[in-house]
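Notes for the one structure printed next.
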Amino acid sequence: MNLKDFIRSIPDYPKKGILFRDITTLIKEEKAFTKCIDLIVDRSKKYKFDKIAAIESRGFVFASAVSYVLKKPFIMLRKKNKLPAEVHSIDFELEYGTATIEVHKDSIQKDESILIIDDLIATGGTAEAAAKLVEISGGNVGCFIFVINLFDLKGSDKLVQNGYKVENLIDFPGH
């Protein structure tokens, strides 16, 4: 099964010039979604980590299933003002704007290794912000796993150059 066949491409979304890679067509197909989770679980077994974190919101879909399978705690990296307790907060640049993500201060303990899962990596700004959140919380990034890598936007390359381990299931051009 080629997971690429289950990704819908939508031109000019969310703004003109962006080719959006839609994972809803993958997650609505039981066999494709199961295969995707199995692949993430298999890739994750190469790394040592204590907890799994995901970036809001599509990353939650994959990470929560992987967390269940691996029996690992799940941490949500959320958009600004979505978490009720004390948070660490990071502002960052997106391909088409700016954003802020946060994590509860008590989610990650000193020296814990965190696997970060998201649906897609483009320029790497969100992933870098997620790594910073883990690090200011006292943890370290064991690995990133992305379902989709927009290879020509070089986000995965940037993470590797910064010393992070990165796994991708599917490669697509960004435009």
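In whole angstrom, note down how far apart the Cα centers of the stretch 100-175 and the stretch 47-88 are.
12 Å
Have a look at the DSSP beta bridges in the chain and tell me what percent are antiparallel, nearest 5.
Of the beta bridges lying entirely in the chain, close to 40 percent run antiparallel.
What Kirkwood hydrodynamic radius, in Å, does the chain give when the mean of 1/r is taken over all pairs of distinct Cα atoms and then inverted?
16.2 Å
Quick check: residue separation of Leu94 and Lys132 times 0.36 nm, minus the Cα distance between them. What number comes out in nm?
The Leu94-Lys132 span can extend by a further 12.1 nm.
Compute and list, largest first, the equivalent-ellipsoid semi-axes of the stretch 13-114 from the alpha carbon gyration tensor, each √(5λ) rounded to a whole angstrom.
Semi-axes from the Cα gyration tensor: 23, 23, 11 Å.
Report, in debye and to the nearest 20, how large the dipole of the chain comes out about its Cα centre when Lys and Arg carry +1 and Asp and Glu carry -1 on their Cβ.
260 debye
Below 13 angstrom from the Cβ of Ile114, what's the summed charge of the other residues (Lys, Arg +1; Asp, Glu -1)?
So the surrounding residues net to +1.
What percent does the relative contact order of the chain come to when contacts are Cα pairs within less than 8 Å and at least six residues apart?
Relative contact order here is 19 percent.
Per residue of the chain, what 222 nm ellipticity follows from adding -39500 (n - 2.57) for every DSSP H run with n ≥ 4, rounded to the nearest 500?
Helices in the chain give a 222 nm mean residue ellipticity of -8500 deg cm²/dmol.
If neighbour count is taken as other Cβ atoms inside 10 Å, put Glu128, Glu135 in order from fewest to most.
Glu135, Glu128
Kindly provide the trypsin sites (Lys or Arg not before Pro) of the stretch 66-175 that DSSP labels as loop, not H, G, I, E or B, and whose Cβ sees at most 10 other Cβ atoms within 10 Å.
Counting only loop positions with at most 10 other Cβ atoms within 10 Å, the trypsin sites (Lys or Arg not before Pro) in the stretch 66-175 are Lys71, Lys110.
Considering only His104, Asn140, Ala32, whose Cα is most displaced toward the positive end of the charge dipole of the chain, charges sitting on Cβ of Lys, Arg (+1) and Asp, Glu (-1)?
Ala32
Using θ = phi - 60° and the Karplus form 6.51 cos²θ - 1.76 cosθ + 1.60, what ³J(HN,Hα) does each residue of the stretch 72-82 get, whole Hz, x for Gly and Pro?
Computed from phi, the couplings for the stretch 72-82 are 10, x, 10, 10, 9, 9, 10, 5, 3, 6, 9 Hz.
What lysines could a cross-link reach from Lys105, if we take a straight Cα to Cα line under 21 Å and drop same-chain neighbours fewer than 8 places away?
Cross-link targets: Lys51, Lys72, Lys79, Lys80, Lys82, Lys132.
In the stretch 1-51, which trypsin sites (Lys or Arg not before Pro) fall in coil by DSSP and have 14 or fewer other Cβ atoms within 10 Å?
Within the stretch 1-51, the qualifying trypsin sites (Lys or Arg not before Pro) (loop, at most 14 other Cβ atoms within 10 Å) are Lys15, Lys16, Lys28, Lys45, Lys46, Lys48.
Between Met1 and Glu86, what is 0.36 nm times their sequence separation minus the Cα-Cα distance? Round to one decimal in nm.
26.3 nm
Any chance you could get the radius of gyration and Dmax over the Cα atoms of the stretch 99-175, in Å?
12.4, 40
Values quoted throughout were computed directly from the atomic coordinates according to the rules given, and no laboratory measurement underlies them. What you are looking at is a predicted structure, and each value in this text was computed from that prediction instead of being measured. Note that each Cβ is placed from the backbone with ideal geometry, even for glycine, and that neighbours are counted across all protein chains shown.
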